[in-house]
Amino acid sequence: MDNIENKEQSTTHKIGIYLWIWGLLFVLSFFSYMVDWFAFQGLLRWSLILTFMFLKAGLIMAFFMHLFWERYALVNVLLWPMTAIACFIILMVAEAQYTVFTRLLYFFTGG
């Protein structure tokens, strides 16, 4: 009977790790807020905002969605599509820059 009870116990994680993650999320949110406070502009602004956003999303996925403790296959099922989406976003940004450049070129040169 004791052997059955030992197998049914679930693993719980210490509360300290979650408090550290909450603290990191708070710090990252503070830095994200500071990007607006110091009025960064242009590429620096969006790079910082996206960096803090991805870091916060990664921490949330790893610890609050328990992916840090999951099997490698499950992590890959979630992370590879996100990587593909990030690549597509980069491609869309490059295409948008090219479109803006060609439109401005033809606008100013008269086509």
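Hey, what number do you get for the chain at 222 nm if only DSSP H runs of n ≥ 4 count, each worth -39500 (n - 2.57), divided across all residues, to the nearest 500?
Value at 222 nm, helices only: -27000 deg cm²/dmol.
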Compute, for Tyr106, the solvent-accessible surface of its heavy atoms (probe 1.4 Å) with the complete set of protein chains present, and express it in square angstrom to the nearest 10. 140
Solvent-accessible area, 1.4 Å probe, carbon plus sulfur percent, for region 4-84: 73
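Given a 1.4 angstrom probe, what's the average accessible area per residue across the chain, in square angstrom?
86
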May I ask you to list the residues of region 17-42 whose amide nitrogen lies under 17 Å from a point 7 Å from Cα along the Cα→beta-carbon direction of Met53? 28-37, 40-42
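Assign unit charges at the C-beta atoms only (+1 for Lys and Arg, -1 for Asp and Glu), then state the dipole size of the chain relative to its Cα centre in Debye, rounded to the nearest 20.
360
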May I ask you to compute the full-extension gain from Met65 to Ala86, defined as 0.36 nm times their residue separation minus their alpha-carbon distance, rounded to one decimal in nm? 5.5 nm
Taking trypsin sites (Lys or Arg not before Pro) as candidate sites, keep only those in a DSSP loop with at most 16 other Cβ atoms within 10 Å, then name the longest stretch of the chain containing none of them. 15-70
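The values are calculated or read from the model by the stated rules, or taken from the named source; none is laboratory data. Quick caveat: nothing in here was measured; it's all calculated off a predicted structure. A quick note on method: Cβ atoms are made from the backbone with ideal geometry, for glycine too, and the neighbour counts reach across all protein chains shown. Accessible surface areas use protein heavy atoms only, side chains included; no ligands, DNA or RNA. Shrake-Rupley method; radii C 1.70, N 1.55, O 1.52, S 1.80 Å.
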